[in-house]
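This report concerns only the one structure given below.
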């Protein structure tokens, strides 16, 4: 389904002038300037020498404005305890802010286009809906082509909408999304609707608070400064709002280049959450935009001190589980063109650590049985999913697994399953040894070459394992940990459990129980177990590496160089240790 695009007239000169004056005044605000907010320019697009610029983009188009325009008033915010809750300082180092700059995303677009060149326009249009939403929407409104890759695509600094593209999932994209159709198929896969027929200063910018501030003259300062009119929009707090981009279907192309009738359910985070009965009343915002302490004055000017503190105020943390990519972007910030500095990235990484280690999963050791005569040890690990969706969720490049070690009384390893390697591979994983294989779901593990890996595995129309999204036709395995309340027997096909986990009575909503049977010697032993997580799996990265040939591989080459220079050891999500006499 395509959006109904309505052409509108350009912004009146009055608002362009007011905006220019406001941004000029910005340079006289040393505290704000040190934060890297506002300022002119188009923001980062990646590449180039010299020092990294952390100036937020202040571009304006007929329907959108850059994050720097909004940061002019929505920075230097404090909660009731005096903590910084500034929107720009939290947002700029997230994957949302860097959705367009993301070197993995750019590399994957280039790889998919190279493997299916006749569908390049399709993949660029579909993927730019959410990763470069402002540029894509403005291009369609203006009758311009939607093109991502160079030459002349949105990533090209010479493109008229380059700055809008590189600002990623930014303020005037999300806050202009209309409520119509959210949570339904009509708005999935980035088919949100933005009103492009209304001229400034009446363009609606939706937020969670009623009765926007107006001065005694009856003028709205936000309308004067930005051309947007603040409107109460409770839909921005609804999980269905997030679902427009976090429910993604992609076309499936067979070996002959034919488009199959059924689209492929590539990312189903919202539908996973919905099937789990809304995760017991928790919304996306509860975990990914945690509420600030007490009230917050949501603007610092004009007359910021006169504003009433509002609550609940959702902090723009947007932390998920992608520690690897945030760290990679931090370490390559200048080349990528990120507008966050190391302090911002470190704060986001710290929040990611807390999310992964405290609010993602739990691990417990149960039902320990030892047969001294036969020298066997049997124990069961229970993995609990604390999230409101499958874990892992999102793009099928992610995996979690159990790393289990048994030590004898001298600390010598007598059994180990799922040992991570420095190159990102898992010792004993079938997929890491052979690209056409995968590790099946397991209920019982008896030797070190068996590993419990929680992951989705795609196959093409011929049933062959693939990592090319446009060739994916189905899942041959999906045993990702289910959220509490998720009934695998009634789940629709697009979010179904697939493979051996379907009939595993120990793989149920909210948890999985895996039994290990290990040959041991006399004397006490120690069991060490970890749940590990990888945002870019070894097989996915190795498949992308195959695209490092030809004239159009620059973006793939760039990402793989960054990937290979990064720490590829997995994140520890949960850990348990126990000694058995």
Single residue of the stretch 184-202 satisfying the filter (crowded, with 20+ Cβ neighbours inside 10 Å and out of contact with any strand residue (DSSP E or B) (no Cβ under 8 Å at 6 or more places or on another chain)) that is nearest to residue 272 (Cα to Cα): 187
Residue selected from the stretch 199-214 under the condition outside any loop (DSSP other than H, G, I, E, B) and in contact with a helix residue (DSSP H, G or I) (Cβ under 9 Å, 6 or more places away or on another chain), by the criterion nearest to residue 142 (Cα to Cα): 203
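Okay, residues lined up against (1) in contact with a strand residue (DSSP E or B) (Cβ under 7 Å, 6 or more places away or on another chain); (2) within 16 Å of residue 442 (Cα to Cα); (3) in the same structural domain as residue 370 (by TED's automatic domain parsing):
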position	(1), (2), (3)
506	yes, yes, yes
518	yes, yes, yes
534	yes, no, yes
542	no, no, yes
Search result, residues across the stretch 289-302 that are surrounded by fewer than 20 Cβ atoms within 10 Å (Cβ to Cβ) and either modelled with pLDDT of 95 or more or touching a strand residue (DSSP E or B) at 6+ places or on another chain (Cβ under 7 Å) (or both): 290, 291, 293, 294, 295
Flag for residue 328 being assigned by TED's automatic domain parsing to the domain that holds residue 536, surrounded by 17 or more Cβ atoms within 10 Å (Cβ to Cβ) and not in a loop (DSSP other than H, G, I, E, B): no
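Here's the yes/no breakdown for (1) under 30 Å from residue 66 (Cβ atoms); (2) assigned to a helix (DSSP H, G or I):
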{"position": "182", "(1), (2)": "yes, no"}
{"position": "190", "(1), (2)": "yes, no"}
{"position": "197", "(1), (2)": "yes, no"}
{"position": "225", "(1), (2)": "yes, yes"}
{"position": "246", "(1), (2)": "yes, no"}
{"position": "256", "(1), (2)": "no, no"}
{"position": "262", "(1), (2)": "no, no"}
{"position": "271", "(1), (2)": "no, yes"}
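To keep it simple, each residue is scored yes or no on (1) touching a residue at least 40 places away in the same chain (Cβ under 8 Å); (2) in a helix (DSSP H, G or I); (3) closer than 21 Å to residue 267 by Cβ.
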| residue | (1), (2), (3) |
| --- | --- |
| 107 | yes, yes, yes |
| 112 | yes, yes, yes |
| 127 | no, yes, yes |
| 139 | no, yes, no |
| 145 | no, no, no |
| 158 | no, no, no |
| 168 | yes, no, yes |
Index of the failed condition, residue 214 passing every other in (1) under 27 Å from residue 292 (Cβ atoms); (2) at pLDDT below 95; (3) touching a strand residue (DSSP E or B) at 6+ places or on another chain (Cβ under 7 Å): (3)
Any hit, the stretch 363-372, residues being part of a loop (DSSP other than H, G, I, E, B) and either at pLDDT 95 or above or closer than 25 Å to residue 255 by Cα (or both): no
Subset tally (residues that are surrounded by fewer than 18 Cβ atoms within 10 Å (Cβ to Cβ), in contact with a helix residue (DSSP H, G or I) (Cβ under 8 Å, 6 or more places away or on another chain), under 25 Å from residue 252 (Cα atoms) and touching a residue at least 40 places away in the same chain (Cβ under 8 Å)) for the stretch 434-472: 3
Criterion: at positive phi, over 25 Å from the mean Cα position of the chain (by Cα) and touching a residue at least 24 places away in the same chain (Cβ under 8 Å) - qualifying residue of 418, 428: 418
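Test of understanding: among 313, 318, 324, which residue is at pLDDT 95 or above and farther than 30 Å from residue 396 by Cα? Steps first, please.
Values: 318 fails: farther than 30 Å from residue 396 by Cα; 324 fails: farther than 30 Å from residue 396 by Cα.
One residue alone meets the criteria, 313.
Residue by residue through the stretch 501-535, note down the ones that are in contact with a helix residue (DSSP H, G or I) (Cβ under 6 Å, 6 or more places away or on another chain) and closer than 25 Å to residue 324 by Cα.
535 - this is the single residue of the stretch 501-535 that is in contact with a helix residue (DSSP H, G or I) (Cβ under 6 Å, 6 or more places away or on another chain) and closer than 25 Å to residue 324 by Cα.
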Members of the stretch 352-376 that are crowded, with 20+ Cβ neighbours inside 10 Å and without any contact (Cβ under 8 Å) to a residue 60 or more places away in the chain: 352
Subset of the stretch 117-153 (residues that are closer than 28 Å to residue 254 by Cβ and surrounded by fewer than 17 Cβ atoms within 10 Å (Cβ to Cβ)): 117, 118, 121, 145
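The values are calculated or read from the model by the stated rules, or taken from the named source; none is laboratory data. Because the structure is a prediction, the values reported are computed rather than measured. With ideal geometry, Cβ positions are generated from the backbone for all residues, glycine too; neighbour counts draw on all protein chains shown.
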